[in-house]
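Asker: First the structure, which I've put down as structure tokens, then a few questions once you've had a look.
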Amino acid sequence: MPAKRRDTINNAIAHRRVAASATCDTTSIEGPLASLGPLTIRLVRRTEGETLFAQLPRDHHYLGYSRPVGEHLKYLVLAGERPVACLAWSSAPRQLNLRDQFVGAPKEAYRHNLHQIACNSRYLILPWVRVPHLASHLLGRIARRISADWQELYHHPIQLLESFVDIGRFRGTCYRAANWICLGRSLGLGTKAKTHRASCSIKELWVYPLGQHFRQRLLQAPCIRSAAALRSA
């Protein structure tokens with residue numbers, strides 16, 4: 001076979017790569033939470049701060065970072081002008097038995113409302129920031145605003161937050177302190193497993209309901225608009 005003339009570029013993969021950017025100040029930040037002063041939680045989806053947001057987990061998160069697909073939000077947390085943390089929220093996985101048990105229904109019963117569940121796909125406190133209680137404090141603040149932010153961008157609310165914690169690396173302390181609920185552990189099979197043997201790290205699933213009626217809202221039948229309403233829209 002003759003040598004190939006050129007490599008074909010996969011535009012979908014290329015688009016998700018994060019380009020290099022300017023370095024940021026890595027001077028140590030230590031002390032109590034109050035010493036940081038007012039914290040600004042900036043929603044940077046489709047804004048100038050999105051480039052810096054992408055760079056930080058790419059360089060400092062153990063999973064790295066690529067641009068997510070589907071519905072998602074990105075929050076950059078600043079103490080003054082310095083970034084101290086970033087949180088990414090994405091569309092939830094389609095199938096989780098632990099979640100089904102918590103909702104109290106099979107996935108088929110709320111699949112049409114799966115878009116109302118947001119997954120904390122990346123959470124990074126920058127490694128030079130050592131401030132007790134910062135991580136749980138930010139989870140609480142994000143929980144109070146994320147549904148409204150999602151509504152503004154995607155025109156629907158969020159009923160449930162969830163996150164996976166790799167038990168080989170973390171203990172889920174900040175989620176516990178922020179009153180999240182641990183539903184149990186994965187089997188380590190991954191989302192594309194073809195066998196029943198563990199092939200990836202064991203993770204805990206933590207969830208946080210946004211309101212006491214979250215189950216009813218997830219199980220609510222889809223709204224079907226009448227033909228007359230569709231014609232007048």
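Just so you know, all these numbers are worked out from the coordinates, no wet-lab data involved. Here the structure is a predicted model, which is why all the values come from computation and not from measurement. Cβ sites come from the backbone with ideal geometry, for glycine too, and all protein chains shown count toward neighbours.
Asker: Can you pull the one-decimal nm distance between simple spin-label points at Tyr154 and Ile202, each 7 Å off the Cα toward Cβ?
Answerer: 3.1 nm
Asker: Once label points are set 7 Å from the Cα along Cα→Cβ at both Thr27 and Leu187, what is their separation, rounded to one decimal in nm?
Answerer: Once both label points are built, they end up 5.3 nm from each other.
Asker: Alpha carbons only, please: Rg and Dmax for segment 29-222, in angstrom.
Answerer: 16.9, 51
Asker: Which of the chymotrypsin sites (Phe, Trp or Tyr not before Pro) across segment 47-115 are loop residues per DSSP, with 13 or fewer other Cβ within 10 Å?
Answerer: Tyr62
Asker: Hey, could you grab the Kirkwood Rh for segment 60-124? Inverse mean 1/r over distinct alpha carbon pairs, Å, one decimal.
Answerer: 13.7 Å
Asker: While we're on this one: What nm value, rounded to one decimal, do you get for the distance between Val69 and Arg94 when each label is placed 7 Å out toward the C-beta?
Answerer: 1.2 nm
Asker: Quote the FRET efficiency, to the nearest 0.05, computed for His61 versus Leu114 with a Förster distance R0 of 35 Å and r equal to the Cβ-Cβ distance.
Answerer: The calculated FRET efficiency here is 0.90.
Asker: With charges set only on the Cβ (+1 for Lys and Arg, -1 for Asp and Glu), what does the dipole of segment 33-99 come to about its Cα centre, in debye to the nearest 20?
Answerer: It works out to roughly 240 debye.
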